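Undergrad: Below are the structure tokens for one structure; questions will follow.
The values are calculated or read from the model by the stated rules, or taken from the named source; none is laboratory data. Quick caveat: nothing in here was measured; it's all calculated off a predicted structure. Note that we place each Cβ from the backbone using ideal geometry, even for glycine, and neighbour counts take in every protein chain shown. Side chains are part of the model used for accessible areas, which takes the heavy atoms of the whole protein and leaves out ligands, DNA and RNA. Shrake-Rupley method; radii C 1.70, N 1.55, O 1.52, S 1.80 Å.
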Amino acid sequence: MSLRTPLLALTWLGFLALPAQAQGPTPPTSNAEMTRIYDEDQGDRQKTPIDWSKVTPRDEQRRDATRKLLADGALHTAEDFRHAAFIYQHGAAPNDYLLAHTLAMVAVGKGDSSSLWIASATLDRYLMNIDKPQIYGTQFMAKRGEEMGQEPYDRDLVSDALRTELGVPTQAQQVEQLQAIRAGHRAAPKPETPKP
């Protein structure tokens with residue numbers, strides 16, 4: 001047996017080992033705590049009628065817990081940031097909605113195109129909370145004693161083609177949504193938060 005045979009065998013073994021070394025680190029997994037917080041948030045909104053006297057304080061606790069996860073750098077995946085966006089979408093102040101929009105944009109940047117809808121909804125909610133008209137038509141609300149609606153709403157700024165790109169219903173679909181909401185049973189109204 002020549003020296004050449006063992007050298008060829010060692011060379012082939014080296015090539016076989018290369019793919020394992022070249023794979024690099026495994027991608028991060030979604031934060032289990034953020035997923036739990038999101039699941040609780042969504043669960044609170046599945047019950048009808050919604051008891052806002054109980055849900056509103058829990059929303060605040062969820063924002064506090066999410067704020068800590070953000071400060072600790074514990075969120076890494078598109079799903080983490082999408083979940084955090086929903087938590088802040090259920091906030092109480094303009095900066096909550098603006099942060100929600102930012103978090104949704106991070107999720108989109110990480111490749112989650114489904115987060116385009118929450119990015120649109122958070123911007124609409126922010127605009128309405130600073131007394132500006134929404135631009136996508138994602139927000140349906142009723143002030144005490146009034147019928148459910150979308151106003152104020154600038155229907156001319158964004159085309160239906162752009163709405164479709166963002167996963168937002170067209171204006172015709174929104175009319176149907178509003179009719180269904182008005183015809184369906186109504187949840188207990190959320191108490192209005194005084195503007196700062």
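Undergrad: Looking at N31 and the list (1) of a type outside the set (A, V, I, L, M, F, W, C); (2) surrounded by 15 or more Cβ atoms within 10 Å (Cβ to Cβ); (3) under 26 Å from F140 (Cβ atoms), which single condition is not satisfied?
TA: All conditions are met except number (3).
Undergrad: Still on this structure: For residues that are assigned to a loop (DSSP other than H, G, I, E, B) and in contact with a helix residue (DSSP H, G or I) (Cβ under 9 Å, 6 or more places away or on another chain), tally how many sit in the stretch 59-84.
TA: Counting residues in the stretch 59-84 that are assigned to a loop (DSSP other than H, G, I, E, B) and in contact with a helix residue (DSSP H, G or I) (Cβ under 9 Å, 6 or more places away or on another chain) gives 3.
Residues are listed down the side, and each one gets a yes or a no for (1) loosely packed, with under 15 Cβ neighbours inside 10 Å; (2) in a helix (DSSP H, G or I):
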{"site": "M128", "(1), (2)": "no, yes"}
{"site": "D131", "(1), (2)": "yes, no"}
{"site": "E147", "(1), (2)": "yes, no"}
{"site": "V158", "(1), (2)": "no, no"}
{"site": "A161", "(1), (2)": "yes, yes"}
{"site": "G167", "(1), (2)": "no, no"}
{"site": "A180", "(1), (2)": "yes, yes"}
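Undergrad: Name the residue, out of A104, A119, A142, that is in contact (Cβ under 8 Å) with a residue 24 or more places away in the chain and closer than 18 Å to D41 by Cβ.
TA: A119
Undergrad: If you don't mind, there's one more thing I want to ask. Can you name the residue in the stretch 90-114 that is within 21 Å of E165 (Cα to Cα) and not hydrophobic (A, V, I, L, M, F, W, C) and, of all such residues, is most open to solvent (accessible area, probe 1.4 Å)?
TA: Of everything passing the filter in the stretch 90-114, K110 is most open to solvent (accessible area, probe 1.4 Å).
Undergrad: Quick one: which of E79, E60 is at pLDDT 95 or above and surrounded by 17 or more Cβ atoms within 10 Å (Cβ to Cβ)?
TA: E79
Undergrad: Is it the case that K54 is of a type outside the set (A, V, I, L, M) and under 23 Å from S115 (Cβ atoms)?
TA: Judged against the criteria, K54 is not a match.
Undergrad: In the stretch 94-119, which residues are within 19 Å of Q150 (Cα to Cα) and over 10 Å from the mean Cα position of the chain (by Cα)?
TA: Residues satisfying the conditions are P94, Y97.
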